[in-house]
Amino acid sequence: MGKIKRILLTIALLAIVVTFTTQGTLAYYTTTGQATNVVTSGNIRFIVHETTDQGDEFPSEGVTVFPGAVVSKQVSFENDCEHPFYLRAKIVYSANDENLAAENCFKLDIDTQHWLLKDGWYYYNGIVEAGQTTPYLFTKAEVVGDAVNNSYIGKTLNLSVVAQALQSENNPLTGEDVTTAAGWPQE
C-alpha cells in the first residue's frame, strides 16, 4: 500500500502543480479592464454688431423715418470663441399691423462681394476665424418712398437680422461655396 499511496500522492501533487500553472497562464491571457472616455464638444459663439456710421450702437427702440429716408445701420458679426466657423444671416421684415407688408419697404445695400444670397440666406464667403469680425452685410437701409403710403403712418416697421453659425473644423465643403457645408439647420 505504500507504493500506491506514493503514486496517488505524486498524482495529486502533479494535479496541484498543473492547476496552479494553468490558473497563472489563464490569468495572464485573460484580463478585464474598464476605460472611461470623456468627450466634450466645443461651442460656437458670435456677436451681432449693429452700429451707425458714427460708430454708435444702433438704438434698440429703433428710429423714426419717413418715405425716402436713408438710415445708417451697419451689420457685422464677430467670432467670440476659439473655433472658426461658417456663418449665414437672414433679414426678417415685419410690421406691427398684420395688414402691412414690410419686406418691400426697405432697400438695403448688401455687400455682394463678401456675402452670397441663396435660399433667403446671406452666406459669408469664407471662414470666420477666432476673434475676426466679418465685413458689413449692409450699411444702410432706405425706406422706399413709393412702397410706403399713407396706410403706414404711425405704424412700426421692423428689420431684424437672424444669424446661424456652423463649425468649419472637420467640416469640409462638398461644393464650391459655404452653402455646401454639412449641418445647416432646416427651417
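The values are calculated or read from the model by the stated rules, or taken from the named source; none is laboratory data. None of the values given here were measured: they were computed from a predicted structure. Every residue, glycine among them, receives a Cβ derived from its backbone with ideal geometry; neighbour counts consider all protein chains shown.
Find all pairs meeting these conditions: Cβ atoms under 6 angstrom apart; at least six residues apart or on different chains; first residue within the range 92-103 and over 9 Å from residue 157 (Cα atoms); second residue polar (S, T, N, Q).
As it stands, the answer is 92/160, since those pairs meet every condition given.
Among (1) modelled with pLDDT under 90; (2) in contact with a Leu (Cβ under 9 Å, 6 or more places away or on another chain); (3) within 14 Å of residue 164 (Cα to Cα), which single condition is residue 87 missing?
Condition (1) is where residue 87 drops out.
For the condition farther than 19 Å from residue 104 by Cβ and of a type outside the set (Phe, Trp, Tyr), what is the one hit in 128, 143? First the steps, then the outcome.
Working: 143 fails: farther than 19 Å from residue 104 by Cβ.
From the options 128, 143, the qualifying one is 128.
What number of residues in the range 145-170 are surrounded by fewer than 16 Cβ atoms within 10 Å (Cβ to Cβ), on the phi < 0 side of the Ramachandran plot and under 15 Å from the mean Cα position of the chain (by Cα)? Let's see the steps before the verdict.
Step one: list which residues in the range 145-170 are surrounded by fewer than 16 Cβ atoms within 10 Å (Cβ to Cβ), which gives 145-147, 149-151, 153-156, 158, 160, 162, 169-170.
Then drop every residue that is not on the phi < 0 side of the Ramachandran plot, which leaves 145-147, 149-151, 153, 155-156, 158, 160, 162, 169.
Filter again for under 15 Å from the mean Cα position of the chain (by Cα), leaving 162, 169.
Of the residues in that region, 2 qualify.
Being loosely packed, with under 12 Cβ neighbours inside 10 Å, out of contact with any Gly (no Cβ under 7 Å at 6 or more places or on another chain) and in contact (Cβ under 8 Å) with a residue 60 or more places away in the chain narrows it down to one residue among 46, 66, 77; which is it? Let's see the steps before the verdict.
On the way: 46 fails: loosely packed, with under 12 Cβ neighbours inside 10 Å; 77 fails: loosely packed, with under 12 Cβ neighbours inside 10 Å.
The conditions single out 66.
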